[in-house]
1. Over the Cα atoms of the chain, compute the convex hull volume and normalise it per residue, giving Å³.
2. So what is the accessible area of the range 1-89 per residue, in Å², with the probe set to 1.4 Å?
3. Leaving out ligands, DNA and RNA, and with a 1.4 Å probe, what % of the accessible surface on the chain is carbon or sulfur?
4. DSSP loop GluC sites (Glu not before Pro) in the range 48-111 with at most 12 other Cβ atoms within 10 Å of their Cβ, which ones?
5. When only C-alpha pairs under 8 Å and at least 6 residues apart count, what is the relative contact order of the chain, in percent?
6. Within the range 20-115, list the trypsin sites (Lys or Arg not before Pro) lying in a DSSP loop whose Cβ has at most 14 other Cβ atoms in a 10 Å radius.
Amino acid sequence: QVQLVESGGGLVQPGGSLRLSCTASGNIFGINDMDWYRQAPGKQRELVAAVNPDGATYYAESVEGRFSISRDNFKNTVYLQMNSLKPEDTAVYFCVMNYLNLDYWGQGAQVTVSS
């Protein structure tokens, strides 16, 4: 059974930075895509960033140039470095890992950007 555990959320002032981490536990080898989604109150869930096993990345236009996704395949961990945070980045952030053609979701991490 694959379980994802997220960490790193919190409250930060506009312009600040946070780093989210998500680690998969279990006897796992060869995770496919690793993604970060977010959902703000009253809004649809959106894909924020993605990284494939070769390191190729995708970013939503709203976070391009401010967020950076990376992965450590040995640790089965994905990171999301968030810089220059804005109030509109406030949301619950979810990591998603695709393994053996199934998507596994983390429990969610609250990120609040407010002064």
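The values are calculated or read from the model by the stated rules, or taken from the named source; none is laboratory data. Note that the structure is predicted; figures quoted are calculated from it, not measured. Reconstructed Cβ throughout: ideal geometry from the backbone, glycine too, with neighbour counts over all protein chains shown. With ligands, DNA and RNA removed, areas are computed over all heavy atoms of the protein, side chains included. Shrake-Rupley method; radii C 1.70, N 1.55, O 1.52, S 1.80 Å.
1. Considering the Cα atoms of the chain, their hull volume per residue is 93 Å³.
2. I get 57 Å² per residue for this part.
3. Reported share for carbon and sulfur atoms: 47 percent.
4. Loop-located and lightly packed - Glu61, Glu64.
5. 36 percent
6. Passing both the DSSP loop test and the Cβ count: Lys43, Arg45, Lys75.
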